[in-house]
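Accompanying notes for the structure given below.
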Amino acid sequence: MHTDFAFNIVNQMSFRVDSLQTLREMETRLKGEPGVTILGPITHGNALSLYFRDPEGNRVELLIDTPWHVPQPYRIPVDLSTPDKDLWGFIEQKARNARLQDAHRVAGRDQVEDRRRRNANVIVGMRFAYPNLRTPVTQAS
């Protein structure tokens, strides 16, 4: 069996840590490790993560969960040296904005679907009233 691949078949390894303090300590320790490349701390809204590549090039994620749900994909860079209160406030604000934007996006998609249904009914009605009608008829909204 041939196992040499031109790419890494594992996208990443993810590990939960117990606290923001541990995440910060790991960032500091990893910066001093030879062959480790810090890819950066980010928030996914529902997690605060530190990404890095180990000396073998594997991508690793250390994370802590947050109390917020955010539609994915979502990725905002953060600075782990920010004081706790400010960092959590920043993440919460971004998470709430992302949920609001997603709600608007979904509402917008629903409005487009409603408009398509109304237009389809107009077209069907026109074809019923005018059976020889061959060109599509649309209604301006």
Exercise for the section: For region 64-72, state whether one or more residues are closer than 20 Å to residue 13 by Cβ and in a strand (DSSP E or B). Expected result: yes
Practice task
Might you check whether a residue that is more than 30 Å from residue 32 (Cα to Cα), hydrophobic (A, V, I, L, M, F, W, C), part of a helix (DSSP H, G or I) and modelled with pLDDT of 60 or more occurs anywhere in region 107-128?
Solution key: yes
Practice task
Select, from 50, 30, the only residue that is within 23 Å of residue 87 (Cα to Cα), part of a helix (DSSP H, G or I) and at pLDDT 95 or above.
Solution key: 30
Practice task
Report whether or not residue 24 is touching a residue at least 24 places away in the same chain (Cβ under 8 Å), surrounded by 10 or more Cβ atoms within 10 Å (Cβ to Cβ) and either of a type in the set (D, E, K, R) or closer than 25 Å to residue 71 by Cα (or both).
Solution key: yes
Problem - Scope region 73-93; condition in contact with a strand residue (DSSP E or B) (Cβ under 6 Å, 6 or more places away or on another chain) and closer than 24 Å to residue 9 by Cβ; matching residues - result: 75
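The values are calculated or read from the model by the stated rules, or taken from the named source; none is laboratory data. Everything quoted here is computed from the prediction, not taken from an experiment. For neighbour counting, all protein chains shown are included, and Cβ atoms are generated from backbone atoms with ideal geometry for every residue, glycine included.
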